[in-house]
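To start, I am sharing the structure in question, which I have written as structure tokens.
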Amino acid sequence: MSDVDRLFATPLAQVSDFVFDENVARVFPDMIKRSVPGYPTIVENIGVIAAHYAQPGTLIYDLGCSLGAATQSMRRHLRQEGCRILAVDNAAAMVQRCAEYLSAQDSMIEELVPATVMQADILDLDFEPCSVVVLNFTLQFIAPPQRLALLQRIRQALLPGGILILSEKFRFADDREQERLEQVHYAFKRANGYSDLEIAQKRSAIENVMLLDTPQTHLSRLEQAGFSQAYSWFQCFNFGSIVAHA
Ligand SMILES: C[S@@+](CC[C@H](N)C(=O)[O-])C[C@H]1O[C@@H](n2cnc3c(N)ncnc32)[C@H](O)[C@@H]1O
Ligand SMILES: O=C(O)C(=O)C[C@]1(C(=O)O)C=C[C@@H](O)C=C1
């Protein structure tokens with residue numbers, strides 16, 4: 001199981017940019033649960049939403065799958081015949097552990113939708129026709145100039161009636177709203193046992209690699225990418241999730 005996240009607990013001479021390496025993969029379930037308000041609710045309901053929209057005999061993508069939490073949730077909920085999940089991540093440490101988690105799930109529960117994990121950059125994928133695509137806290141790590149083209153390619157691959165579930169950490173256009181939601185997020189982290197030092201060092205590690213958009217930017221970009229409708233289905237502090245329909 002997952003170790004406790006102590007990656008930023010001791011003072012670092014220099015805080016390097018955050019990377020999804022072996023150290024992060026080892027503590028990831030603990031890190032994301034203690035860092036992202038609403039994460040367990042989002043993951044569980046990705047399964048519910050995907051099961052509502054998945055079309056029999058179609059492909060489902062989990063892009064930037066990490067350890068496959070969203071894939072595992074979809075497998076717990078999906079009952080459609082002939083669906084297949086392709087989980088993709090470019091971090092070797094994540095992909096290796098994700099494969100282990102998925103085979104453990106296979107050995108515990110029978111007749112799950114088949115799921116495979118593949119190491120690839122989602123910017124290089126040739127998307128095949130699909131009914132559900134999940135980007136659960138992944139788009140925020142894609143360079144902003146590449147976000148629209150990626151969403152356009154996802155939109156083009158989606159079958160009629162298909163959906164994208166997009167979860168992100170948000171920033172807010174209004175400075176006071178931004179400051180207030182950021183402060184309650186830090187309070188959430190402190191309530192989950194992170195020290196001020198851990199919070200500050202993690203903040204420095206992610207500030208250059210995780211560039212955030214406002215909810216409005218996300219919704220208008222999805223429209224620009226060709227989605228017919230996009231709306232928020234969940235928000236907790238400065239984290240939230242959107243459903244976008246093909
Ligand atoms: C915050 S984690 C995602 C959490 C995961 N979706 C979940 O539900 O637990 C972001 C993941 O995106 C992956 N990632 C970032 N950029 C990527 C890219 N260009 N191609 C594939 N994976 C990428 C990272 O390796 C990391 O595992
Ligand atoms: O905003 C933060 O402080 C976070 O730690 C968030 C976040 C995320 O949103 O993906 C950042 C990196 C890790 O993957 C886990 C959580």
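Look at the stretch 94-151 and say how many of its residues are within 16 Å of ligand 2 (Cβ to nearest atom) and of a type in the set (Ser, Thr, Tyr).
Here the count works out to 1.
Tell me which of these residue 50 doesn't satisfy, since it passes every other one: (1) open to solvent by 40 Å² or more (accessible area, probe 1.4 Å); (2) in contact (Cβ under 8 Å) with a residue 40 or more places away in the chain; (3) away from ligand 2 (no atom under 15 Å from the Cβ); (4) among the small types (Gly, Ala, Ser).
(1)
Further question: Quickly run through the stretch 62-90 and pick out the residues that are open to solvent by less than 10 Å² (accessible area, probe 1.4 Å) and out of contact with any helix residue (DSSP H, G or I) (no Cβ under 8 Å at 6 or more places or on another chain).
Within the stretch 62-90, just 83 meets the criteria.
Additional query: Looking at this structure, is residue 238 open to solvent by less than 10 Å² (accessible area, probe 1.4 Å), touching a Lys or Arg at 6+ places or on another chain (Cβ under 8 Å) and touching a residue at least 60 places away in the same chain (Cβ under 8 Å)?
Yes, satisfied.
Among 29, 40, which is the only one that is assigned to a helix (DSSP H, G or I), closer than 28 Å to residue 124 by Cα and within 15 Å of ligand 2 (Cβ to nearest atom)? Break it down into steps so the answer makes sense when it comes.
Details: 40 fails: closer than 28 Å to residue 124 by Cα.
Result: 29 is the single residue among 29, 40 that is assigned to a helix (DSSP H, G or I), closer than 28 Å to residue 124 by Cα and within 15 Å of ligand 2 (Cβ to nearest atom).
Can you confirm whether the stretch 107-119 contains a residue that is under 25 Å from residue 240 (Cβ atoms), in contact (Cβ under 8 Å) with a residue 12 or more places away in the chain and over 17 Å from the mean Cα position of the chain (by Cα)?
no
Quick one: residue 95 ticks every box in (1) farther than 14 Å from residue 46 by Cβ; (2) free of Cβ contacts under 8 Å to residues at least 60 places away in the same chain; (3) outside any helix (DSSP H, G or I) bar one, so which box is it?
Only one criterion is unmet by residue 95, namely (3).
The values are calculated or read from the model by the stated rules, or taken from the named source; none is laboratory data. All values reported here derive from a predicted model rather than from experimental measurement. Heads up, the Cβs are rebuilt from the backbone with ideal geometry, glycines too, and the neighbour counts pull from every protein chain shown. Surface accessibility is based on the protein's heavy atoms, side chains included, excluding ligands, DNA and RNA. Shrake-Rupley method; radii C 1.70, N 1.55, O 1.52, S 1.80 Å.
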